[in-house]
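Report on the structure given below.
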Amino acid sequence: MTLLPVAFCLVTGGALAKPTTVSIDELRADEQQRQTALIITQVMEKFHYRKPRLDNDMSSAVFDRYLESLDANRSFFSAADIAEFEAYRDKLDDSLRTGKLEPAFQIFRRFRELVEYRIGFATDLLESNEFNFNRDEQYQFDRSKAEWMPDGAALDDLWRKRVKNDILSLRLSGKDEKEINKTLGKRYEGIARRVSQMAAEDVFQAFVNAFTLSVEPHTSYMSPRLSENFDIGMRLSLQGIGAVLSNDNEFTEIQSTVPGGPAEKSGELKSGDRIVGVAQGDGGEMEDVIGWRLQDVVDLIRGPKDSIVRLSILPKSQGIGGRTREVTLTRDEIKLEDKAAKSEVIEVEGVRLGVVEIPAFYRDFGAQAAGVENFRSTTRDVRALLDKLQSDRVDGIIIDLRRNGGGSLSEATELTGLFIEKGPVVQVKDSSGNVEIERDPDPEQVYAGPLAVLVDRNSASASEIFAGAIQDYNRGLILGEPTFGKGTVQTLVDLGRFLRSRDDIGRLRLTMAQFFRVQGGSTQHRGVMPDIVYPTAKGAAEHGERALDNALPWASIQPAEHQLLGVQSVTELREASARRIAKNPGFRFLIEEEEDLIDLEKRNTVSLRESVRRAEWDEREQVRLDRRNRLREFRGLPALDNLDDADEERFVSEEEKDEEGIRRIMLEESANILADQIRSTRPRTALVN
């Protein structure tokens, strides 16, 4: 259930007070929450970029979103329950505007009663152990888009299948009956316990966020308790495992890994992987976290620097019915140098190319504020790398922004200035319609030669500003996949400032501006479309902002006056690239992996017949093994006997982790494209007989 819409960066922190069961009679709004609702409504209507209207249409959207936040998989409420609540569908706007919040609390109290009943029902089923795994039936594990079950009898059958599926999944993972009963007993009890520990503050936050998320996906309310927790995270944001998590139905999903953090360095955690268990130290018991609230998982993963946390991971490539694996991480400080830009030189048929990889747009604001003259920043580091590469007499430069989720806006602006002499870089439009132009602050052009920028679906925000500006000036080639499409600006609003008492009533993370490119189009939603799009981009259409409900649409404003630095024709380059990619086993590997993931994400049912599940599992493992070995043959490496051999990479050095060169497949083709362009512009020497 998606009760906490904000993704968290996992960091170390102090132990929190152990939550206790809240009496159902205590689940009522207090005066402060009623007042907070009034303030949030006014702030949203006045300052949010969208200027939302609280009317019956919005009320209906909030109604649906609130029910979804409580019962995302539609396994507790029945259609009969929903019919009882329909009287509130057009009244929740009035609840927010007047502070009369009883409808939201009444719905939650009913939800809590249903959770207690259903968990008792599931526990009885588990103890009865009367399941026939030879019976041919299907379980729909993803019901987020399904109709509500008509009544309690239909929910009984759904839960029978759910418990059966949970047992079967653990059987396939090699657990014995005793372990299975213990694991699932704790899982079900944990779901009920966490709901029973939700206080009025949590219910209020869930309801308010049903409103904010019905407006736009990056706006959310943080209660005073969550705000305090957020502050702890921000103060210690350079320590932890370095992973940003989100809640996807009953799973905790890895949204991204932080450059330089333990998760990213391990090479074992990828976007879309699900955390299903957490254990402390080398020998601590693995705690099943399926069905946990996001913040509870965050609290469990926290711990002191240099301590060990073990995660049970269900890889995205395995799907819901796949096997898990264990990842061991040592919590550590994320040092600035770990995410700093770095460079290398590669050669393509006589053309020397410098590659500058930029994991993030960083700036040491602390050192800058302290007056340190040579504080670290992306632009300063890249300037030094460009000087070194030019002294090494490279013929062109590739800027690699894959997986770069953004960072400092000033760094994106200044970095662009290294490649142009002067001019605007990005336009920022606020909620009042005012447009401010961010310009290159330095007239020096550090590098004026051939340039390519490599991006992927995870290149976001500041990365899109830089790539968009390079494209708008015709300064270089943009290669890879359509980018994330994050073109909005958020700010934290302390809601207590609207009270005379200045009491802490929480904060609102508010979207208040939007980025626009030099040519006038937004980076929002569409992202930056590369000049040459790689065929791995098939799944990017359902990634990033494009996949978020209520995301701001693409828009445009007047272009900023700027000078085109050249006219580029990419037709021949694109055709040559397509011919190479068609014969490249590396790209074949990436494309087939992508197609597999798309097929897995389309599936929302699994067989409950054990022989069928085992056969599907074995077939999927064999297909993945064959694909991996074709890539290894291409790289001149010995074949693997099974995929467990590939997992042994966790014990090798960081330099050897990508021995199959998976991360280099796109880079190598980008080098070929830029080399083609450089060769096409070189003067041709006539032959003299």
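The values are calculated or read from the model by the stated rules, or taken from the named source; none is laboratory data. Bear in mind the structure is a predicted one, so any value in this text is a computation, not a measurement. Note that each Cβ is placed from the backbone with ideal geometry, even for glycine, and that neighbours are counted across all protein chains shown.
Surrounded by 15 or more Cβ atoms within 10 Å (Cβ to Cβ), in a loop (DSSP other than H, G, I, E, B) and touching a residue at least 24 places away in the same chain (Cβ under 8 Å), is that true of V62? If you could, list the steps in order and put the result at the bottom.
On the way: surrounded by 15 or more Cβ atoms within 10 Å (Cβ to Cβ): yes; in a loop (DSSP other than H, G, I, E, B): no; touching a residue at least 24 places away in the same chain (Cβ under 8 Å): yes.
Against the criterion (surrounded by 15 or more Cβ atoms within 10 Å (Cβ to Cβ), in a loop (DSSP other than H, G, I, E, B) and touching a residue at least 24 places away in the same chain (Cβ under 8 Å)), V62 does not qualify.
Just checking, does region 498-514 include any residue being closer than 29 Å to P450 by Cβ and assigned to a strand (DSSP E or B)?
No, there is no match, as no residue in region 498-514 is closer than 29 Å to P450 by Cβ and assigned to a strand (DSSP E or B).
Among the helices (runs of 4 or more DSSP H) contained in region 183-272, which hold 2 or more residues that are under 22 Å from F63 (Cβ atoms), modelled with pLDDT of 95 or more and among the hydrophobic types (A, V, I, L, M, F, W, C)?
Qualifying helices (runs of 4 or more DSSP H): 200-215.
Would region 157-174 turn up any residue that is in a loop (DSSP other than H, G, I, E, B) and without any contact (Cβ under 8 Å) to a residue 60 or more places away in the chain?
Yes.
Which numbered condition in (1) surrounded by fewer than 18 Cβ atoms within 10 Å (Cβ to Cβ); (2) in contact (Cβ under 8 Å) with a residue 40 or more places away in the chain is the only one that A551 fails?
Unmet for A551, out of (1) surrounded by fewer than 18 Cβ atoms within 10 Å (Cβ to Cβ); (2) in contact (Cβ under 8 Å) with a residue 40 or more places away in the chain: (1).
Let me spell it out: the conditions are (1) touching an Asp or Glu at 6+ places or on another chain (Cβ under 6 Å); (2) farther than 25 Å from T219 by Cα; (3) part of a loop (DSSP other than H, G, I, E, B), and T536 meets all of them except one. Which number is the exception?
(3)
Filter region 71-94 for residues that are in a helix (DSSP H, G or I) and within 16 Å of S60 (Cα to Cα) and give the result.
The answer is I82, A83, E84, F85, E86, A87, Y88, L92, D93, D94.
Can E414 be described as more than 24 Å from G260 (Cα to Cα), acidic (D, E) and out of contact with any strand residue (DSSP E or B) (no Cβ under 6 Å at 6 or more places or on another chain)? Steps first, please.
On the way: more than 24 Å from G260 (Cα to Cα): no; acidic (D, E): yes; out of contact with any strand residue (DSSP E or B) (no Cβ under 6 Å at 6 or more places or on another chain): yes.
So E414 fails the test.
With respect to R663, is the statement that it is at pLDDT 95 or above and outside the structural domain of A452 (by TED's automatic domain parsing) true?
Details: at pLDDT 95 or above: no; outside the structural domain of A452 (by TED's automatic domain parsing): yes.
Answer is no for this residue.
Does at least one position in region 273-294 carry a residue that is surrounded by fewer than 22 Cβ atoms within 10 Å (Cβ to Cβ), more than 24 Å from L548 (Cβ to Cβ), modelled with pLDDT under 85 and not assigned by TED's automatic domain parsing to the domain that holds D494?
No, there is no match, as no residue in region 273-294 is surrounded by fewer than 22 Cβ atoms within 10 Å (Cβ to Cβ), more than 24 Å from L548 (Cβ to Cβ), modelled with pLDDT under 85 and not assigned by TED's automatic domain parsing to the domain that holds D494.
Looking only at residues that are under 19 Å from K316 (Cβ atoms) and touching a helix residue (DSSP H, G or I) at 6+ places or on another chain (Cβ under 9 Å) in region 614-623, which one is modelled with the highest pLDDT?
Taking the candidates together, the pick is V623.
Which one is nearest to the chain's Cα centre (by Cα) among residues in region 331-350 that are modelled with pLDDT of 90 or more and farther than 18 Å from S377 by Cα?
Going through the qualifying residues, I end up with E344.
Please specify each residue of region 298-318 satisfying the condition of being free of Cβ contacts under 8 Å to residues at least 60 places away in the same chain and surrounded by 21 or more Cβ atoms within 10 Å (Cβ to Cβ).
L311
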